[in-house]
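Data first, discussion second: the structure below is written as structure tokens.
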Amino acid sequence: MLLAESISEYIKEKKEPSILTEFRTNAEKLLNSAIFPDSSLESWRKISLSNFKISEYTKVCPDSSVTVSGNAKVTRLQDLPPEKLSEVLKKVGPAVSFYSKEWFPLFVFSRFTHAYYVQLGSDPSSYPEIKIECKDGNIILPLLIVDAFPGAKSNFIERWESPDQKDLVLMSGVTILLTPPNGDFQYSSLENLGDSTFHFRATYGIQEKDSKFHASLASWGGYKGKTFYDTNVVGKGCWTRYVGLSPLKAREFQDTEVRILHSESHAQSSILYRTVVREKAHHVFTGNLHIPSHCKDVGAIQINNNLLLDRTARAESIPKLEVFADSVKCEHGATVGEIDEEQLFYLASRGISEEEARKMIVEGFLNEVVREFPSETVREELSSMIESRMLGE
């Protein structure tokens, strides 16, 4: 069995509408044909799951593990009227097709434990937030569908949190982000995970004509994890931007993959991802820009910079450009390095201690990403986290 009987019973007790049960069944058929991730799969060759056993995760986190704040209309999928539920599940269809061979997203589609439809408003000063916690259980599988407001600016913050603890827990989810025509969607994701958390996520966005999508990502902590951030640009005249940071320490391992698929012409996209790793932490970043032959007037760039604070820390960068069109402009760049001794010497010559100099260099390195988070409260939170995590004991 894919899950222990206790979780199957948990799902049955929800008494879901038949259309939702059918959705799960169709996803499980795909899941049964999917290969469980191993090193033979390109996207999974850097992460070892030899000590991951799905049968060990049987205690589902309660409904209280998902909380919502701010100005947004949030409805459990099972509580939607039949016609609206059918409409929402049709919006999920492209994501299911996209991940039709990816085990963990299919696992969520077939066995989600918490599922919500989020409709955002048009107040640019509002930052509605959903928090997903792994508490009072050892497994949570959320499915979120987020609809941005058409023709206006929308903000949304998604948080994932788990405590440090002895026993391993599993957090695996799928988030679908819908940017309608002329929409301006600013999405922020923050992961603050305990040292015993396996975490596997897929975030799939669809951008329609003349829309803007800005994703600001911050991920720290956890035991082992793999995250896909994917956007399908299906309309002309779109603008897409991903910025992200991962400050890792101890033996934390994260594998982050950002993929932008340009399905239409006259579009611009960019990726900037920065990591700082210390002690024996390990981060892998893969960026993929895909531009098919029929697209014209597309500009795309991806940059990944990594700063090593210890010789035992590791960072890997895997940039990919899949460009089959002629009338495009694409660039990529990647760096991995330690703190520059000349920078330390320069700052020391001006009376700045080595400790303070290191702090200035690390903060300066990550601040270019931090300042793109739209919420001032989140920016302050990240600055404090970076100082304590990267520069503390």
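The values are calculated or read from the model by the stated rules, or taken from the named source; none is laboratory data. Remember, predicted model here, so these are calculated numbers, not experimental data. Every residue, glycine as well, gets a Cβ built from its backbone with ideal geometry; the counts of neighbours run over all protein chains shown. The accessibility values were calculated without ligands, DNA or RNA, using every heavy atom of the protein model including side chains. Shrake-Rupley method; radii C 1.70, N 1.55, O 1.52, S 1.80 Å.
Miscellaneous remarks
- Scan segment 228-243 for residues that are assigned to a strand (DSSP E or B), buried (at least 21 other Cβ atoms within 10 Å of the Cβ) and without any contact (Cβ under 8 Å) to a residue 60 or more places away in the chain and the total you get is 5.
- Subset of segment 297-332 [open to solvent by 70 Å² or more (accessible area, probe 1.4 Å), within 23 Å of the chain's Cα centre (by Cα) and basic (Lys, Arg)]: 314
- Check on residue 205, among the small types (Gly, Ala, Ser), under 12 Å from the mean Cα position of the chain (by Cα) and within 18 Å of residue 68 (Cβ to Cβ): no
- Candidates are the residues of segment 249-297 that are among the aliphatic types (A, V, I, L, M), without any contact (Cβ under 8 Å) to a residue 40 or more places away in the chain and assigned to a strand (DSSP E or B); the one that is nearest to residue 339 (Cα to Cα) is 277.
- Flag if residue 222 is buried (at least 20 other Cβ atoms within 10 Å of the Cβ), at pLDDT 95 or above, assigned by the TED database to the domain that holds residue 291 and small (Gly, Ala, Ser): yes
- Within segment 305-321, residues that are in the same structural domain as residue 274 (by the TED database) and touching a residue at least 24 places away in the same chain (Cβ under 8 Å) reach partners that are among the charged types (D, E, K, R) and crowded, with 17+ Cβ neighbours inside 10 Å with beta carbons closer than 6 Å, at six or more positions or on different chains, in the pairs 305/274; 309/278; 310/278; 313/278.
- Count - residues of segment 160-192 that are touching a Gly at 6+ places or on another chain (Cβ under 8 Å), more than 19 Å from residue 74 (Cα to Cα) and either open to solvent by 20 Å² or more (accessible area, probe 1.4 Å) or outside any loop (DSSP other than H, G, I, E, B) (or both): 8
- Sole exception among (1) in contact (Cβ under 8 Å) with a residue 24 or more places away in the chain; (2) among the hydrophobic types (A, V, I, L, M, F, W, C); (3) more than 27 Å from residue 147 (Cβ to Cβ) for residue 41, by number: (1)
- Taking the listed residues 173, 225, the one that is touching a His at 6+ places or on another chain (Cβ under 9 Å) and over 21 Å from residue 88 (Cβ atoms) is 225, with no other qualifying.
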